[in-house]
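Step one of this worksheet: look at the structure below.
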Protein chains: 2
Amino acid sequence: MRDSTDTAHPRATDPKTRRRGAELEAAILDAAWAELREHGYGRFTMEGVAGRAGTSKPVLYRRWSSRAELALAAWDSRVPVETDVPDTGSLRGDLLALFERIARRAGAMVNGMIAGVMADAFRHPEMAELLREKLARPTTLTAAVALIVRRAVDRGELPPVRLSHRAARTPLDLVRNEFITCGGSVDHDVLAELVDEVYLPLLRGLDRD
Amino acid sequence: MRDSTDTAHPRATDPKTRRRGAELEAAILDAAWAELREHGYGRFTMEGVAGRAGTSKPVLYRRWSSRAELALAAWDSRVPVETDVPDTGSLRGDLLALFERIARRAGAMVNGMIAGVMADAFRHPEMAELLREKLARPTTLTAAVALIVRRAVDRGELPPVRLSHRAARTPLDLVRNEFITCGGSVDHDVLAELVDEVYLPLLRGLDRD
DNA sequence: TTGGATAAGAAACGCAACGTATCTTAGGGG
DNA sequence: CCCCTAAGATACGTTGCGTTTCTTATCCAA
């Protein structure tokens, strides 16, 4: 089924040199990320990563204590957090850009990665916290929403509203939910629908401040 | 580690009789549900269910083709769908009752069951559809939301609004998301927050019909 | 009543993948 | 130049899925 030669995993590296420290770590994260994108979390294995990175399992376990942790680390290292806040000149434009930003990061959790990591997290409970934190990054995001809303108020697009923490978190919740239930493919239309049919109405219906 | 006697799993039944058909199936679903509640999906094993039900793995596989399918079947059989629509006399009361109803059913997916089943579903792709359908049951739910809103409009609590399919689905999405990210414990306060800070504002902000 | 078809129950297997333990050896730092 | 840290290889024990094989109880029909 697989290759005939055992060392001929997708790709091994130069067998001459022996990498160390940061260089090795980067190579492993590269390999892990590639495996995730190719096979999804369901077939993401330590053996596979080790083989592709041209190293061996103990090397992985010396750095990450479980498959879930490695997957999260790979994702985190390859999918950068975008910290600037979109400023398109309109509330709708800003929200759409923000939703798409969230979707880029959450969407990069390919093929059941969220579900898989969460499922594994019930074995290693400390992982659950880590995942939730990575997915949520709530302070950054709620601050971005608050800023977008404030600018819309200044522009006169919205009356001054009281934006609760929960309401500020909602864009993230909506997008994450969409990714989880749809299994990873969320296109522009759906994001626009979330903005137009859910979040813009929500903002318009908030209590005046 | 376990018991000394091999047959002394949590509970076996009368070794005299040999059950068949519906009776046997009910006993297996009982056992499966008990295992889920005791150990969560992460430690939900076919061996465990078979042992507790006093039967054996092939009997399970003759009925359900995978662990995920059995878990879903057990959940579905033990957690009934409530089809009537709450009618408390106020929009907020109706919504709260509806959110709690959703939470009862979703919340009965104990200990990582959603994540676990979804993760397994990437191996058996037909499962994903099944899970999504069971979680969503969108027609029933959107119809309930539409009725609640219509009654609120009749009472004068809301102006006549255009309720999109997406907006009608949102209560389910919000509650499901909360269960997934919080790992299974969602209390009354959170549901009230979702109603007061998110869904009621959303309804008030919808376009007039 | 009896004899066969059907499905239950038991035991064992192959397989995949986790996570670990042991050992050898490369190569950087004193 | 040598030594100690960590890389790389190999093999192991374990769990649990899903399957196979076989025996035997129970239902049904002639």
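Of note:
- Filter result (among the charged types (D, E, K, R) and either free of Cβ contacts under 8 Å to residues at least 60 places away in the same chain or more than 19 Å from B:E47 (Cβ to Cβ) (or both)) within the stretch B:60-82: B:R62, B:R63, B:R67, B:D76, B:R78, B:E82
- For B:M46, the conditions (1) within 14 Å of another protein chain (Cβ to nearest Cβ); (2) at pLDDT 95 or above; (3) within 16 Å of DNA strand C (Cβ to nearest atom) all hold with the exception of (1).
- The set of residues from the stretch A:179-206 being part of a helix (DSSP H, G or I), among the β-branched types (V, I, T) and more than 8 Å from every other protein chain (Cβ to nearest Cβ) comprises A:V190, A:V195.
- The stretch B:141-157, residues that are surrounded by fewer than 21 Cβ atoms within 10 Å (Cβ to Cβ) and touching a Leu at 6+ places or on another chain (Cβ under 7 Å): B:L141, B:A146, B:A152, B:E157
- Check on A:V145, touching a residue at least 40 places away in the same chain (Cβ under 8 Å), in a helix (DSSP H, G or I) and either of a type in the set (A, V, I, L, M, F, W, C) or within 9 Å of chain B (Cβ to nearest Cβ) (or both): yes
- Selection within the stretch B:154-163: residues that are in contact (Cβ under 8 Å) with a residue 40 or more places away in the chain and not in a strand (DSSP E or B). The member of this set that is farthest from the other protein chains (Cβ to nearest Cβ) is B:R155.
- Residue count for the stretch B:187-200 satisfying the condition of being closer than 11 Å to B:A103 by Cα and surrounded by fewer than 20 Cβ atoms within 10 Å (Cβ to Cβ): 3.
- Qualifying residue in the stretch B:96-109 (condition: of a type in the set (D, E), part of a helix (DSSP H, G or I) and over 14 Å from the mean Cα position of the chain (by Cα)): no
- When restricted to residues that are out of contact with any Lys or Arg (no Cβ under 7 Å at 6 or more places or on another chain) and more than 8 Å from DNA strand C (Cβ to nearest atom), the stretch A:31-43 contains 7.
- Considered as a group, the residues in the stretch B:118-140 that are within 16 Å of DNA strand D (Cβ to nearest atom), small (G, A, S) and free of Cβ contacts under 8 Å to residues at least 40 places away in the same chain include one that is surrounded by the most Cβ atoms within 10 Å (Cβ to Cβ), and that residue is B:A119.
- Filter result (facing chain A (nearest Cβ under 7 Å) and more than 21 Å from A:G205 (Cα to Cα)) within the stretch B:168-178: B:R176, B:N177
The values are calculated or read from the model by the stated rules, or taken from the named source; none is laboratory data. Note that the coordinates shown come from a computational prediction; the quantities given were computed from them, not determined experimentally. Here the Cβ is made from the backbone with ideal geometry for all residues, glycine too, and neighbour counts use every protein chain on show.
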